[in-house]
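Contents: one structure, followed by commentary.
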Amino acid sequence: MPLSIFSKTSLRVCGGPHQSRQDVKPGLVKVEKSERHHEKKVEQKKPPTRVNREEERRDSMLQCSLGSDNKGFALLQKMGYKAGRGLGRNETGIIEPIPLEIKKGRGGIGHEKAKKRKAEERMEHRKQMLQVKRQAEKFAYNDYRVRFRFKKDQNQMEGDLRKSQFACQQLDEKKGIDIPEQTWYWVPTDQEEEDDQDTNQDDQDIGKMEATEEKLQAVTDYLRKTYFYCIWCAISYEGKEDLSSNCPGNCSADHC
């Protein structure tokens, strides 16, 4: 064999040019394999326990069919029973014997059924709790949507009221009016805003929104009747007919 080929092969086996050939120890694999084989033999040579012997004996007995030496089977044959046929006069009964259920463990009679029943009850309880949780999350989400929509409408209505008061104050002052028809027709001063906040501090949000809506409706009606002005159109019309013909309506929903 040429030297070049031998060198390449040795490098491939050793794993690299810098790895010594003494690092490869194939004897270790054989030692580990022989140890596992020895342990397996030791396990096989161990004498079976009493439980294992009883299980083997029971399984071997269950594999054997009943013969005529069995008293119960002999009585059935005297009454006309034939092997492989169903029980009863019309041979419509069971063919195979009732299966034998071996009880394992040290639990009392009915312990397994009670354990299974408790597991089913826990599972059913978990399902109910999961359903309640989902309903609560759905309710919370819907409640959040309602509150968010309500707050949005309230902020929009308060903004429209503030624009109406500002327009009413400008138009009244331009006309020479020094005192508004109602105090809240004009933009409130800082002191009036503080008094209004103190008054409505303990009010419910719905009551506050209703009060804001009533004020907005009153101010916009005053602007439309007195100055033919629409805050959503942001213009003053020439007259009542021009206002009714060209203005979409007297609320923000009509101008969407």
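Just a few scattered comments:
- Three principal axis extents of region 76-119 based on alpha-carbon atoms, in descending order, are 45, 19, 14 Å.
- Legend: residue pairs Lys175/Lys240; Lys113/Lys133; Lys151/Lys225; Lys116/Lys138, Cα-Cα distance threshold 22 Å; pairs beyond threshold, Lys113/Lys133; Lys151/Lys225; Lys116/Lys138.
- For Cys230, the shell of other residues with beta-carbons less than 12 Å away shows a net charge of -1, using +1 for Lys and Arg and -1 for Asp and Glu.
- Region 107-162 and region 218-256 have Cα centres spaced 48 Å apart.
Any read-out appearing in this document is the output of simple, stated calculations on the displayed coordinates, not a laboratory observation. For clarity, every value in this text was computed on a predicted model and none was experimentally measured. In this analysis, Cβ positions are derived from the backbone assuming ideal geometry, glycine residues included, and neighbour counts consider all displayed protein chains.
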